[in-house]
1. Checking the a/c ratio against 1.5 first, then a/b against b/c, what shape does the Cα gyration tensor give for the stretch 62-169?
2. Just in the stretch 1-73: which trypsin sites (Lys or Arg not before Pro) are loop by DSSP and have at most 14 other Cβ atoms within 10 Å?
3. Pull out a ≥ b ≥ c, the square roots of the eigenvalues of the alpha-carbon gyration tensor of the chain, then state rounded if a/c is under 1.5, prolate if not and a/b is larger than b/c, and oblate in the remaining case.
4. When the solvent-accessible surface of protein heavy atoms is calculated with a 1.4 angstrom probe, in what order do 266, 252 fall, highest first?
5. Dipole of the chain (Lys/Arg Cβ +1, Asp/Glu Cβ -1, origin at the Cα centre): which of 257, 41, 53 lies farthest to the positive side?
6. Before rounding to the nearest 500, sum -39500 (n - 2.57) across all DSSP H runs of length at least 4 in the chain and divide by the residue total; then give [θ] at 222 nm in deg cm²/dmol.
7. Would you mind working out the accessible area per residue for the stretch 144-288, using a 1.4 Å probe, and quoting it in Å²?
8. Taking the Cα centre of the stretch 202-321 as the origin and placing charges on Cβ (Lys, Arg +1; Asp, Glu -1), which of 204, 281, 238 is farthest toward the positive end of the dipole?
Amino acid sequence: MLAIDFHTHAMRPDLIPASVLRLRARATLSQRGFDLTSTGADEAVDRMTCRIIENMNDPEATHLRRAMESVGTGHAVIVGLDWGLVGEPVDVSLLYSWLDWARPVVEAHAGFFSFVIGVDPRRPEAASVTHQALTEPWVAGVKLYPPAGFAADDPACDPIYAAATGAGAFVMCHTGRQTYPFDLMRGRVEQYAAVQRKHPDLRLVLAHAGAPLWGPHAIEVCAGHPSTYLEVSGWHHLMTKEPDRLRAMLESMWRSAGPQRVLFGSDYLAGPGFDNAASAVRQWKDFFEQTASDFGIDLGRSQAAARDLLHRSITTDERPP
Ligand SMILES: [Zn+2]
């Protein structure tokens with residue numbers, strides 16, 4: 001029944017800055033108890049960085065396409081990320097690289113994918129790149145990643161919200177958890193109340209709906225503003241450990257925002273290292289659909305809303321059932 005996945009990732013690994021991948025590698029090793037001050041630590045970080053790159057290497061989105069089809073998804077949104085100002089700065093050419101990469105990928109898969117361009121508003125060129133990207137019909141929206149180090153209600157974001165609204169596109173913002181080198185505080189959701197008041201016509205998607213820390217906050221921020229949406233990826237981590245809490249959270253989202261403003265997403269990262277993880281997306285879809293059915297929620301309304309949000313990039317005859 002859920003034909004659209006509103007949050008997925010495929011990428012050519014060099015679109016994520018090397019310094020960020022290295023910090024990720026250090027974090028992973030540390031979490032596994034590795035002593036980063038020991039001799040040979042640099043080599044271990046190098047090896048881990050290489051593994052991360054190999055695992056997520058999906059330059060033509062063939063791994064993502066296969067994974068999505070294997071779980072019955074008919075259309076997926078590929079979300080881009082501008083992490084160029086998180087580690088060692090990477091200039092605006094990174095954003096053009098994302099567009100140059102995504103254009104042939106979206107074309108080659110003829111209607112299966114929409115693309116969302118990640119933009120860091122602190123770049124002097126942020127507004128002009130956003131305008132330029134939104135001249136492309138296959139660019140469905142813009143992704144802001146405040147934990148990269150900025151506030152969602154910073155005036156620097158205003159031209160991006162205005163450009164998206166003017167182009168009939170949406171802005172998707174990362175909310176909820178993130179860890180070093182990102183800024184957890186910028187994952188909080190209260191800041192979006194100011195954004196809504198300043199940009200009442202903005203179509204705003206709260207990616208991850210505050211998962212797992214600020215679900216009730218995300219619901220409250222979303223509830224009163226008719227064009228704010230909750231995208232539920234991230235909450236799936238509760239599926240096995242806290243299924244009752246997850247069911248209650250979903251019910252609260254549906255009851256407070258309405259089923260049409262709760263969008264299904266998996267945040268699936270495709271690549272050779274993650275082919276086996278596609279079954280977890282299937283589990284999450286099944287859980288979401290079963291919970292909706294238990295509470296008498298019509299997911300057709302959610303799917304119609306997702307299609308409407310993606311209207312720039314899905315043509316009528318390409319629309320999934
Ligand atoms: Zn994501």
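1. prolate
2. Details: sites: 22, 24, 26, 32, 47, 51, 65, 66; in loops: 32.
Hits after loop and neighbour filter: 32.
3. Working: a/c = 1.32, a/b = 1.20, b/c = 1.10.
It comes out rounded by the Cα gyration axes.
4. Largest to smallest exposure gives the sequence 252, 266.
5. The Cα lying farthest towards the positive end belongs to 257.
6. Rounded to the nearest 500, it is -12500 deg cm²/dmol.
7. 38
8. Farthest along the dipole direction, towards plus: 204.
The values are calculated or read from the model by the stated rules, or taken from the named source; none is laboratory data. Quantities reported herein were computed from a predicted structural model and do not represent experimental measurements. In this analysis, Cβ positions are derived from the backbone assuming ideal geometry, glycine residues included, and neighbour counts consider all displayed protein chains. The area values use the complete protein model at the heavy-atom level, side chains included, leaving out ligands, DNA and RNA. Shrake-Rupley method; radii C 1.70, N 1.55, O 1.52, S 1.80 Å.
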